[in-house]
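Notes follow once the structure below has been shown.
The values are calculated or read from the model by the stated rules, or taken from the named source; none is laboratory data. It should be emphasised that the depicted structure is a prediction, and the values quoted were computed from it without experimental measurement. Note that we place each Cβ from the backbone using ideal geometry, even for glycine, and neighbour counts take in every protein chain shown. Side chains included, ligands, DNA and RNA excluded: accessible areas come from the protein's heavy atoms. Shrake-Rupley method; radii C 1.70, N 1.55, O 1.52, S 1.80 Å.
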Amino acid sequence: MINTVVKSTTLVINCTTGSAVSLVINFGQQYGEDFGKISVVRKVPVMRDGDFILTESVAILKYLAEKFGTSDSDHWYPADLQNRARVNEYLSWQHAAMRAHGSKVFWFRAIVPIITGSDVPKEKMDSAMEDLTLSLKVFEEKFLDDRPFIIGEKISLADLVAIVEIMQPVGTGLDLFENRPTLGAWRDRVKMELGEALFDEAHKTIMDVASLPQTFENNGMLEFLKPKIQKMFN
Ligand SMILES: N[C@@H](CCC(=O)N[C@@H](CS)C(=O)NCC(=O)O)C(=O)O
């Protein structure tokens, strides 16, 4: 049985197989010298399994599911052709939709004001919110429809990747579940499947985002982000 949850900033992996595969890197550490030797991409998460290093959260999740999958845990990344294709369909779509839009709203509301000292211009914020609203509509109407989970009766990697992106704007104080009963009921089912403790652990950093200003003080590593942010608003 593998129980894996991707946090927005870290990858939390609980493997009852007792495997050596495990990695938790806190956001910010990727700008340090040591991390540069592991991955020049300097993004988290990165997984190391022996000498094998793998970047990209989706690739890491599939690797773990394939390495540790058992008949009991097949639902995470199903062997069945069409169920697997449904998981892949969501994972392909989300990169440029839910992931891009959820994290943009998170950055605009929680990070950019701290780094630049001013709010994101209203028209940019409104446009980011419109994109997120559209992604949520597609998610509810196409990817959930009237199913309990994305592939049907069982939770899969697609639901895990979806929930962590949706929780990013939620962490900034936006209640995306209000007036979206389909989304809220799905979130409750995901929480129940994972267990409340693991769900809360995975989203702790995001839900504590209001404490970030203190964290950022004297954090030289975040200087790396400034040029990126400035480019975003040029
Ligand atoms: N496509 C990558 C995206 C990884 C990513 O953007 N990670 C963020 C944290 S959630 C990061 O490390 N950002 C730092 C940066 O872009 O400099 C994945 O899914 O793993």
If you take the residues of region 177-200 that are small (Gly, Ala, Ser) and out of contact with any strand residue (DSSP E or B) (no Cβ under 9 Å at 6 or more places or on another chain), which of them is farthest from Leu134 (Cα to Cα)?
Ala197
Selection from region 40-61 of residues that are open to solvent by 50 Å² or more (accessible area, probe 1.4 Å) and in a helix (DSSP H, G or I):
none
Right, Arg99: at pLDDT 95 or above, open to solvent by 50 Å² or more (accessible area, probe 1.4 Å), within 16 Å of the ligand (Cβ to nearest atom) and of a type in the set (D, E, K, R) or not?
yes
Checking Leu81 against (1) within 16 Å of the ligand (Cβ to nearest atom); (2) modelled with pLDDT of 95 or more; (3) of a type in the set (A, V, I, L, M, F, W, C), the condition it does not meet
(1)
Listed residues Arg189, Arg109; which is surrounded by fewer than 20 Cβ atoms within 10 Å (Cβ to Cβ) and not in a loop (DSSP other than H, G, I, E, B)?
Arg189
